[in-house]
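Below is one structure, written out as structure tokens, with a few remarks after it.
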Ligand code: SF4
């Protein structure tokens, strides 16, 4: 499992000041992807326990509101174990901070039964569609993508989008 980069202060991906982890590897290859350097599963750096420790340490600051996990594809079969370990460790240490994840997979079709969903607050799901690109949208690049309140959606067995 590999990651592309850790940003220690990110104000673009989720609410407030956040730590962001960009996983390495994505097979979707969406047209005009914002981050094609993350496609290659052999690129980036090794993701291991030291990576998790480093991320948790960065998240300790009071001004860090949460953790964002992007890609690449955090939920690809080659990456989901690392994403799960990271999300679980973060929630155990910071139960009052939130986790946002961006994935090309769909919540209802692909992800709702995965263990990692127990630790995620918000999932922005679905592949980026260049035809549906809309720069006025918040937290997502195209109108087919959904900003999902994961815990409410799991509890109600229905997709509840963030307002
Ligand atoms: S799913 Fe995300 S990282 Fe993968 S190709 Fe599409 S926009 Fe790029």
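The values are calculated or read from the model by the stated rules, or taken from the named source; none is laboratory data. Computed from a predicted structure; not experimentally measured. Here Cβ is always computed from backbone atoms with ideal geometry, including for glycine, and neighbour counts include all displayed protein chains.
When the test is whether a residue is modelled with pLDDT of 95 or more, within 13 Å of the ligand (Cβ to nearest atom) and on the phi > 0 side of the Ramachandran plot, residue 141 does not pass it.
Can you find even one residue in the stretch 93-102 that is within 13 Å of the ligand (Cβ to nearest atom) and within 14 Å of the chain's Cα centre (by Cα)? Yes; the residues of the stretch 93-102 include at least one that is within 13 Å of the ligand (Cβ to nearest atom) and within 14 Å of the chain's Cα centre (by Cα).
Name the single residue that is surrounded by the fewest Cβ atoms within 10 Å (Cβ to Cβ) among those in the stretch 3-58 being part of a helix (DSSP H, G or I) and within 12 Å of the ligand (Cβ to nearest atom).
Top of the filtered list is 36.
Scanning the stretch 92-108 for residues being without any contact (Cβ under 8 Å) to a residue 40 or more places away in the chain, closer than 19 Å to residue 10 by Cα and either in contact with a helix residue (DSSP H, G or I) (Cβ under 7 Å, 6 or more places away or on another chain) or crowded, with 23+ Cβ neighbours inside 10 Å (or both) gives a total of 3. Condition first: touching a helix residue (DSSP H, G or I) at 6+ places or on another chain (Cβ under 9 Å), closer than 20 Å to residue 12 by Cα and touching a residue at least 40 places away in the same chain (Cβ under 8 Å). Now tell me which residues in the stretch 43-78 satisfy that. Listed by number, the residues that qualify are 55, 59, 64, 66, 67, 69, 70, 71, 72, 73, 74. Quick check on residue 40: is it without any contact (Cβ under 8 Å) to a residue 40 or more places away in the chain and within 17 Å of residue 19 (Cα to Cα)? Judged against the criteria, residue 40 is not a match. Only one entry in 131, 85, 81 is surrounded by fewer than 16 Cβ atoms within 10 Å (Cβ to Cβ) and either within 16 Å of the ligand (Cβ to nearest atom) or free of Cβ contacts under 8 Å to residues at least 40 places away in the same chain (or both), namely 131. Within the stretch 107-128, being within 11 Å of the ligand (Cβ to nearest atom) and over 19 Å from residue 20 (Cβ atoms) holds for 126, 127. Taken over the stretch 109-126, the criterion of being surrounded by fewer than 20 Cβ atoms within 10 Å (Cβ to Cβ) and under 19 Å from residue 26 (Cβ atoms) is satisfied by 109, 110, 114.
Being within 12 Å of the ligand (Cβ to nearest atom) and either modelled with pLDDT under 95 or crowded, with 18+ Cβ neighbours inside 10 Å (or both) is a property that residue 66 lacks.
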